[in-house]
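The values are calculated or read from the model by the stated rules, or taken from the named source; none is laboratory data. Please read these numbers as outputs of a predicted model, since none were measured by experiment. Methodologically, a virtual Cβ is constructed for each residue, glycine included, from the backbone with ideal geometry; neighbour enumeration extends over all protein chains shown.
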Amino acid sequence: MKYISCGLLALLIITAGCKRDEPKNDPVTYGASFALTVYTDKAMYAPGEKIQFTLNKPLTGNIKIRYRHLNETISETSLSGNSWTWTAPAADFTGYLVDLYEIVENKEKIHASVAVDVSSDWARFPRYGFLTNFGQLSSDDIGKVVKNLSRHHINGIQYYDWLYKHHKPLAGTAAAPQSSWKEISNKDVYLSTLKGYIKAAHDNNIRSMFYNLAFGALDDAAADGVAEEWYAYKDASHGQKDKHDLPQPFFKSDIFVVDAGNTNWQNYLAAKNADVYGALDFDGYHVDALGDRGSLYTFAGQQINQAATFKPFLQAMKNAAPAKRLVMNAVNQYGQQNSIAASPVDFLYTEVWSPNEKFEDLANIIANNDFYSGDTKKTVLAAYVNYAHADNPGYFNTPAVLLADAVIFSFGGSHLELGEHLLGKEYFPNNNLQMPDELKVSLLRYYDFLVAYENLLRDGGSFNSPALVCTNGKLSLSNWPASTGKVAINGKVVGNRQVMHLLNFTNANSLEWRDTHATQPQPALIENADLDFTASGAVKKLWVASPDFNNGVATAISFTQTGNKVSFTLPSLKYWDMLVAEY
């Protein structure tokens, strides 16, 4: 729902710095190139594919390269030079962590790490990004942006507001597309830039999805063949078309709402999409919506259940282009349960709005989506952090971003937030907020963590509430949902493993994930907490991993077990720890 409250949005655009200027393609905008960083040549790999690793700066010493799956070392070798290769193992849909370490004074010193996703299909573990600037860009500009997205393992990109018109997305024809055009906010779009981004994305094994509404038409749609009988009306006598008001001249037209269930409209748009696919090598269609529009009627006066139209619309789009992928925005879950989740979309995408303001709401949406799809489709959340703060130039609040991601990732979802900049508004070109250096480094590690441990985070299992207690007063624990002053426990059984996520809300001043005015404080570092938990059997191994320390590398924990009681000391907790007991 990229055009929510557009009267207010336009005021923000004009008065608060969200201008028509093209976003800067600065490779350091959200990357961590100033820190020692390992790069891979793609965002995702097929089983058996060769992986190229490159260091961004020299590293000297007796450095070892270690390849790990979860807490198990697969192999090791010595580092020689600033680049090397590894052949991806044969197992599909598997995450790995590759780290560089040396032994200093009998202790491991981990210098850097990078995750590797070996998956033949992005839909299994979707990590979604966005693009907003399709002006006249050089291949170097394009490459820098895609390289940053790839390094964060983003395996799909939503191309936001690239289209000529909602009812006619391509300017020109498939055989003779125009070289440039104006999109809805009158910014320039260049065909060469779109082609350049799509090629760069494909070179990095990233899917490219073109954005459009399911049911949008501009004010000149009749001249392009859109019939009056296809629209959605506010009254049963077809006196007033439903429309989404946009202020002109900033936007070139209001958006009029068509009935997505109308088969003539479906056939019309499918033909226009065929023109898009004929001119541009997009992998699929990101379908947007506008939320609950209230009472709507067809031209003939029949009431429209708009949510119910999404499934047949998506099926029609799939039938028209079977090889192309589909994703649809369920705005605040509108239409998700019985329509979108049962349609041929690759994963479930929810744009989160009030009243879903609490951290537990994020977790509930992911859990509900798992249920709606029978655990067959993963979730991506479009959830805009520091929302009011993004009205003016400034910086993102690191604790807000990391706490939101910790909750989303630990419950098996991922977060639409990375593009040419970090996302703070539903109007994606808004780049008022920059990332402080601390957040640049941390976010890279969070995405490495999401990939390295995807088989525990996003690959099945059953959530539970493990009995975990602190015996030396260092932690105040409570089972999920989160509460202020506490460390929340989110448990999950995955095969023979009991996973225990510890999420630190000890210093939190609010349980609202948006942290709209950027006031959420940093959690206090907690060290050497003595813990007990009740085990369901004999524990073979106990280990901990965190994106906040040790470059995400898993650390074995010594423990004692007496009956069902397992006792151990947790080394540290900042934002998020993942404890794993293996039986």
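Here is a list of conditions, (1) assigned to a loop (DSSP other than H, G, I, E, B); (2) within 20 Å of the chain's Cα centre (by Cα); (3) surrounded by fewer than 21 Cβ atoms within 10 Å (Cβ to Cβ), and residue 364 meets all of them except one; can you say which number that is?
Condition not satisfied by residue 364: (1).
Could you run through the range 223-237 and say how many residues are under 21 Å from residue 267 (Cβ atoms) and assigned to a loop (DSSP other than H, G, I, E, B)?
4
Within the range 86-143, restricting attention to residues that are of a type in the set (Ser, Thr, Tyr) and within 25 Å of residue 212 (Cβ to Cβ), which residue is surrounded by the fewest Cβ atoms within 10 Å (Cβ to Cβ)?
Residues of the range 86-143 of a type in the set (Ser, Thr, Tyr): 87, 94, 96, 101, 113, 119-120, 128, 132, 138-139.
Narrowing further to those that are within 25 Å of residue 212 (Cβ to Cβ): 128, 132.
On the way: 128: 25, 132: 23.
Looking at the filtered set, the residue picked out is 132.
Are any residues in the range 260-271 part of a helix (DSSP H, G or I) and surrounded by 21 or more Cβ atoms within 10 Å (Cβ to Cβ), and if so, which ones?
265, 266, 268, 269, listed by residue number.
Among 190, 159, 164, which is the only one that is buried (at least 23 other Cβ atoms within 10 Å of the Cβ) and not basic (Lys, Arg)?
Answer to the selection: 159.
Which members of the range 432-475 meet the condition of being among the hydroxyl-bearing types (Ser, Thr, Tyr), part of a loop (DSSP other than H, G, I, E, B) and more than 21 Å from residue 91 (Cα to Cα)?
Matches in the range 432-475: 465, 471.
Within the range 213-234, identify whether any single residue is hydrophobic (A, V, I, L, M, F, W, C) and free of Cβ contacts under 8 Å to residues at least 12 places away in the same chain, and answer yes or no.
yes
Give the range 65-98 a look and list any residue that's part of a strand (DSSP E or B) and within 24 Å of the chain's Cα centre (by Cα), or say none.
69, 94, 95, 96, 97, 98
If we keep just the residues of the range 411-447 that are of a type in the set (Gly, Ala, Ser) and either in the same structural domain as residue 577 (by TED's automatic domain parsing) or surrounded by 24 or more Cβ atoms within 10 Å (Cβ to Cβ) (or both), which is farthest from residue 575 (Cα to Cα)?
Restricting to residues being of a type in the set (Gly, Ala, Ser) and either in the same structural domain as residue 577 (by TED's automatic domain parsing) or surrounded by 24 or more Cβ atoms within 10 Å (Cβ to Cβ) (or both), the top hit is 419.
Rundown of residues vs (1) over 28 Å from residue 578 (Cα atoms); (2) touching a Lys or Arg at 6+ places or on another chain (Cβ under 7 Å), yes/no style:
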residue: 35; (1), (2): no, no
residue: 44; (1), (2): no, no
residue: 50; (1), (2): yes, no
residue: 56; (1), (2): yes, no
residue: 69; (1), (2): no, no
residue: 73; (1), (2): no, yes
residue: 83; (1), (2): yes, no
residue: 92; (1), (2): no, no
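With 452, 482, 404, 382 as the choices, which residue is assigned by TED's automatic domain parsing to the domain that holds residue 561, modelled with pLDDT of 95 or more and surrounded by 22 or more Cβ atoms within 10 Å (Cβ to Cβ)?
Every option except 482 fails the conditions.
Where residues in the range 106-124 are within 19 Å of the chain's Cα centre (by Cα) and not in a loop (DSSP other than H, G, I, E, B), which of them is farthest from residue 64 (Cα to Cα)?
The selected residue is 123.
For residue 492, are the conditions met, namely being under 16 Å from residue 579 (Cβ atoms) and outside the structural domain of residue 131 (by TED's automatic domain parsing)? Step through it out loud before you land on a result.
Values: under 16 Å from residue 579 (Cβ atoms): yes; outside the structural domain of residue 131 (by TED's automatic domain parsing): yes.
Criteria met by residue 492.
Tell me yes or no: at least one residue of the range 502-513 is in contact with a helix residue (DSSP H, G or I) (Cβ under 6 Å, 6 or more places away or on another chain), within 30 Å of residue 352 (Cα to Cα) and surrounded by fewer than 22 Cβ atoms within 10 Å (Cβ to Cβ).
Residues of the range 502-513 that are in contact with a helix residue (DSSP H, G or I) (Cβ under 6 Å, 6 or more places away or on another chain), as a first pass: 503, 511, 513.
Pick out the ones that are also within 30 Å of residue 352 (Cα to Cα) and you get 503, 511, 513.
Going one step further and asking which of them are surrounded by fewer than 22 Cβ atoms within 10 Å (Cβ to Cβ), we end up with 511.
Yes, because at least one residue in the range 502-513 is in contact with a helix residue (DSSP H, G or I) (Cβ under 6 Å, 6 or more places away or on another chain), within 30 Å of residue 352 (Cα to Cα) and surrounded by fewer than 22 Cβ atoms within 10 Å (Cβ to Cβ).
Which residue pairs have Cβ atoms closer than 8 Å, lie 6 or more positions apart in sequence or on different chains, and pair a first residue in the range 354-380 that is of a type in the set (Val, Ile, Thr) with a second residue that is modelled with pLDDT of 95 or more and assigned to a helix (DSSP H, G or I)?
366/408; 379/365; 379/366; 379/369; 379/370
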